[in-house]
Structure formats: structure tokens, C-alpha cells
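The structure's right below; bear with me while I get my questions together.
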Amino acid sequence: MGVPSDEVVQIQHPDAAGDPTVVTVSCPDKTGLGCDLCRVVLLFGLNILKGDMSTDGRWCYIVLWVVPRRRGRRPMAWDLLKERLVELCPATALFGLDSSYLEPDALAPATPRVFLLKFCCFDRMGLLHDVTRVLCEMELTIRRVKVSTTPDGKVMDLFFITDARELLHTKNRREEAYERLQSVLGDSVTSCEIESATEDMSSCLQASALLSPIVLEQMFSIDVIEAQLSRSRSNSSLSVTMDNSLSPVHTLIQIQCVDHKGLLYDIMRTLKDCSIQISYGRFYAGQKGRCELDLFAVQSDGKKILDQQKQRTLCSRLRVELLRPLRVALVDRGPDMELLVANPVEVSGKGRPLVFYDITLALKNLQKRIFLAEIGRHVVDDREWEVYRVHLGEHDHELSCSARNKIVDGVMNMLMGWD
């Protein structure tokens, strides 16, 4: 747990409706803190309009101007957001300590306990999204899911979940989950239970079927991705440059790009995975969806990024992550159509939040039923990916090219916040 919230995180609400809320974080620094904070902001459905961050290597100061991405939905849980942000901050300020003296394991959160949620009911349009929405609202994180539909319209769903509040082992928390699920499942539910996942059950968290060579090339081949990016309209609006002449001790990374959901998270995640540390940064999202970033950065050894090859590699990595932070494909799998969505897993092991939520919402809006669904992790070219596989059924097998593109575009637009 972090330091008492009044000393670490402050949330200032606007005087006028529609203006951004200001979130201020002041605490001891740690590697990847900016990425972790942006991940929570994304998880809570907030869009970052502007950001300032600075650190001297020991203490950091971060200010984010945020607005709810979808207005008019359920009230924003600001107190809960504050609590989650405080938990990310190193607790060493409470004792007047320098976090650099702590071992990495001392700052790492404990491995969350995994539970199995399983229920049976009759299928209907949008069922899986409605269940996913309830789990997200209760801060129950979906680690893996297996969904199957029988010919007579019955559904058996298995969700491997963790609880951000660490209370799912209690009777009250489980009863709350049952009640919330009952409200969306209705009278069609025949059984619903939550139990601790055993080691044998947890083995199901591993990826099942291997990805075919066609899928690997379509979704992960650098040559294919770069060819797609060269034809993308967003490519002409993207600029990533580095300059070592403006600061004696920092490399200036300048980015101009089109905004998307989780943009700042994608940038901070990439820099964290590449062991690049931000000493000072400023982010601004304009009215027409244009974003500008100035980041004064150093390598993990505290030195500027002088090696030309490292500069080119980092710029290329940032370009790909900004234009294709997620990969979406629609392929034939026997008599079915299979939708695949992949997102990179952080070096820390965390996946991108709300991906399954967005996938199921997009398919619900497109009036597409989900007959099978799985979440697994795969290693491709020494990099781990979280892969979502959704079977749309036999009736979608003969879709026209335009109809397929509509599905892919609908899912991608939802994931990127362009809906």
C-alpha cells in the first residue's frame, strides 16, 4: 500500500461541466511509474488531454488533465481511482526512505489470487459483453475465458478472474458478484458459482491452440505491418524524432501523432519496455485529434541515447506501437470465422486493460453472436502477446470482403476509441 492519499494523489474537479479534472501525483520515483499510472487511468475509462511530468530520479511530480471517455454513463468512481493510484506509489515516503535502496521485489505487488467463475444460461445477443461489463465495474480482472455455446442455445462460460480488492474469498464479495451477475443474466441462468482456482485449473491459463503461419504473418510480420503502415492515412500524420543538441544530459524525443485510446499508455509502455527513463515530459492533445509530446529521456545507465542504431530502433518501435498498438484479423477456421485480437504484454507481465470489454461491445453493436471465445498468451519473436480468439459461427463463413472489413474496422475503432 502507498502513502496516505492526501500526501500523494490529489484530484481537483472542474468548476464548469465539460472541463477536465486535474489529477496530481507527487511521490518517490520508481522505474515505470508513469506507465503504471497511465494504465490505471485507461482502466477507469479516462482520456488524457494534457500531461506534465518531471523527476530528479528520486522524487517525481506528475499532473494529468483527464475527462471521461464516454459521458453520460455510470458515475465516475473518483475515490476508487485515487485509491488505485496511491497503491502504485512507492510507500517509502512514509518512512523518509529513498526507494533506490529497496530491492525490486520489495516494490513488486504480490501475485493476485486466481478464482474461477462459471455459469450456465441461455444465450442471447450481447450476453458476453454484459457479463464482462459487470466484472469490470466490480474490478474483477479477466485473466482467461472459455466460452462455448451448445446447438440448443445454452452457454457454458468459464472466467478465470482476479480481484483488485482482494476480497473474492469472502462471502459478502461473492454474494455481491452473484447479485450483479443475476441482474444481467436474468431468469435464464441455471447455475453460477465462484471457487478458488486450483493448480490444475490455473494450467488452463496457458495458450491452447497454436497460431497458424497465416495468422503469424498477417498479425506479427514486421514486413507486412510496415507495408500496411505505409498505406495508412495516420502514417502521414506521425512524426517521431530524436535530438541530442538541446540538452547536455538528455535526449529529446518529439512525437506528433493522431490521438487514440490509451495513447500515452502506449508510449510510456514502450519506453518502459525499452529501458528508457523520462526525466521531464509534456503531452498535449489538440481539438482536432492531434497530439504532441516532448520527452527528455535517458537510458537506464543515466546517459543520453547517442548510438544511431539505438535511435533508429527506438523510433521504429514507437512508430509501430502508435499506429498498431493492437493487431486485429478475421480468418477462416474450418466452417467458422475467427476474430483474433492481439496486444503486447508488458515486460512486467501486465496486459492491456479493457480489451475483451471493447471486443465484446463492438460485436454487440455489430449484432454478431459469439459462439466460442478464448484468451491466451503466445510468444512471437521473443515477445509475449495476449491473444483473444472469438468464433463468430458458421453463418458468418461466407461473408463478403466488405462485410469482413466492417467487422475488423468496427472492432479496431472500438479498441482505438474512434467509435
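Of the conditions (1) open to solvent by 10 Å² or more (accessible area, probe 1.4 Å); (2) without any contact (Cβ under 8 Å) to a residue 60 or more places away in the chain, Val390 satisfies every one except a single condition; which number is it?
(1) is the only condition that Val390 fails.
Determine whether Asp19 is under 22 Å from the mean Cα position of the chain (by Cα) and either surrounded by fewer than 18 Cβ atoms within 10 Å (Cβ to Cβ) or more than 20 Å from Glu346 (Cβ to Cβ) (or both).
No: the conditions fail for Asp19.
Looking at (1) under 21 Å from Arg165 (Cα atoms); (2) among the aliphatic types (A, V, I, L, M); (3) at pLDDT 95 or above, find the lone condition where Ile48 falls short.
Evaluating Ile48 over (1) under 21 Å from Arg165 (Cα atoms); (2) among the aliphatic types (A, V, I, L, M); (3) at pLDDT 95 or above leaves (1) as the failure.
Would you point out the residue of region 285-294, among those that are out of contact with any Leu (no Cβ under 7 Å at 6 or more places or on another chain) and at pLDDT 95 or above, that is surrounded by the fewest Cβ atoms within 10 Å (Cβ to Cβ)?
Looking at residues that are out of contact with any Leu (no Cβ under 7 Å at 6 or more places or on another chain) and at pLDDT 95 or above, I get Glu292.
Could you check region 1-91 for helices (runs of 4 or more DSSP H) lying wholly inside it with 3 or more residues that are within 20 Å of Glu292 (Cβ to Cβ)?
Counting at least 3 such residues, we get 33-43.
What pairs come out if I take residues in region 118-138 that are in contact (Cβ under 8 Å) with a residue 24 or more places away in the chain and buried (at least 21 other Cβ atoms within 10 Å of the Cβ) and pair them with residues that are small (Gly, Ala, Ser) and not in a helix (DSSP H, G or I) whose C-beta lies under 7 Å away, six or more apart or interchain?
Leu128/Ala373
Tell me the residue from Glu176, Glu193 that is under 26 Å from the mean Cα position of the chain (by Cα), modelled with pLDDT of 90 or more and charged (D, E, K, R), please.
From the options Glu176, Glu193, the qualifying one is Glu176.
Tell me which residues, restricted to region 241-291, are free of Cβ contacts under 8 Å to residues at least 60 places away in the same chain, closer than 18 Å to Ile62 by Cβ, out of contact with any Asp or Glu (no Cβ under 8 Å at 6 or more places or on another chain) and not hydrophobic (A, V, I, L, M, F, W, C).
His250 - this is the single residue of region 241-291 that is free of Cβ contacts under 8 Å to residues at least 60 places away in the same chain, closer than 18 Å to Ile62 by Cβ, out of contact with any Asp or Glu (no Cβ under 8 Å at 6 or more places or on another chain) and not hydrophobic (A, V, I, L, M, F, W, C).
Across region 157-170, what is the number of residues that are more than 21 Å from Val387 (Cα to Cα) and in contact with a Lys or Arg (Cβ under 8 Å, 6 or more places away or on another chain)?
7
Does Lys310 satisfy the condition of being over 21 Å from Leu158 (Cβ atoms), among the basic types (Lys, Arg), surrounded by 15 or more Cβ atoms within 10 Å (Cβ to Cβ) and free of Cβ contacts under 8 Å to residues at least 24 places away in the same chain? Lay out the reasoning, then the answer.
Values: over 21 Å from Leu158 (Cβ atoms): yes; among the basic types (Lys, Arg): yes; surrounded by 15 or more Cβ atoms within 10 Å (Cβ to Cβ): yes; free of Cβ contacts under 8 Å to residues at least 24 places away in the same chain: yes.
Yes; evaluated as a whole, the condition is true for this residue.
Can you confirm whether region 156-176 contains a residue that is closer than 19 Å to Tyr357 by Cβ, touching a helix residue (DSSP H, G or I) at 6+ places or on another chain (Cβ under 8 Å), outside any loop (DSSP other than H, G, I, E, B) and in contact (Cβ under 8 Å) with a residue 60 or more places away in the chain?
Among the residues of region 156-176, not one is closer than 19 Å to Tyr357 by Cβ, touching a helix residue (DSSP H, G or I) at 6+ places or on another chain (Cβ under 8 Å), outside any loop (DSSP other than H, G, I, E, B) and in contact (Cβ under 8 Å) with a residue 60 or more places away in the chain, which makes the answer no.
Could we say that Ala329 is touching a helix residue (DSSP H, G or I) at 6+ places or on another chain (Cβ under 7 Å), open to solvent by less than 30 Å² (accessible area, probe 1.4 Å) and within 15 Å of Met219 (Cα to Cα) here? Quick ask: steps written out before the conclusion?
On the way: touching a helix residue (DSSP H, G or I) at 6+ places or on another chain (Cβ under 7 Å): yes; open to solvent by less than 30 Å² (accessible area, probe 1.4 Å): yes; within 15 Å of Met219 (Cα to Cα): yes.
So Ala329 passes the test.
The values are calculated or read from the model by the stated rules, or taken from the named source; none is laboratory data. Remember, predicted model here, so these are calculated numbers, not experimental data. With ideal geometry, Cβ positions are generated from the backbone for all residues, glycine too; neighbour counts draw on all protein chains shown. Protein only, heavy atoms only, side chains kept; ligands, DNA and RNA dropped before computing areas. Shrake-Rupley method; radii C 1.70, N 1.55, O 1.52, S 1.80 Å.
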